[in-house]
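Here's the structure, in structure tokens; my notes come after.
None of the figures in this text is laboratory data; all of them are computed from the coordinates on show. Note that the structure is a prediction, hence the values are computed from the model and not measured. Cβ coordinates were reconstructed from backbone atoms using ideal geometry, including for glycine residues, and neighbour counts include every protein chain displayed.
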């Protein structure tokens, strides 16, 4: 049986908010990492509201810069990220979000967003599509 998503109490949320340094636009980079394997899945942005929602619900939520709105990961595709652990880096300006990924993390339908690598001097696609692309463009 799978463990439930991690949900934080208000006191813990306030402690994290006090430690995080948001940029001039009110954003902080959030790196999503697969629990158990350490695979880096994606990088997206969180604002204060996205961070609070993530910590309160246990479902990862980001800030979509292109849409100017909260982006509840997997809301339309079903490819959700359940929160396992949340870490703040040494400078307070980057988050590491440990998740249990359901399906594809990348909007291209790949398991992670880092599916291109330099091989022999050219950029090659190294990961297959595992799900239909979600139709979104960029976050």
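Assorted remarks:
- To the nearest ten degrees, helix 48-57 and the longest principal axis of the Cα atoms of the chain are 90 degrees apart.
- Acute angle (nearest 10 degrees) that the helix 10-19 long axis makes with the longest principal axis of the chain, alpha-carbon atoms: 70 degrees
- Evaluated over segment 10-105, the Cα radius of gyration and Dmax, each in Å: 12.4, 34
- Segment 51-139: proportion of alpha-carbon pairs further apart than 19 angstrom, %: 48 percent
- With R₀ set to 22 Å, the beta-carbon distance separating residue 123 from residue 67 gives a calculated FRET efficiency near 0.20.
- Note: relative contact order over segment 10-126, using C-alpha pairs below 8 Å and six or more positions apart, is 23 percent.
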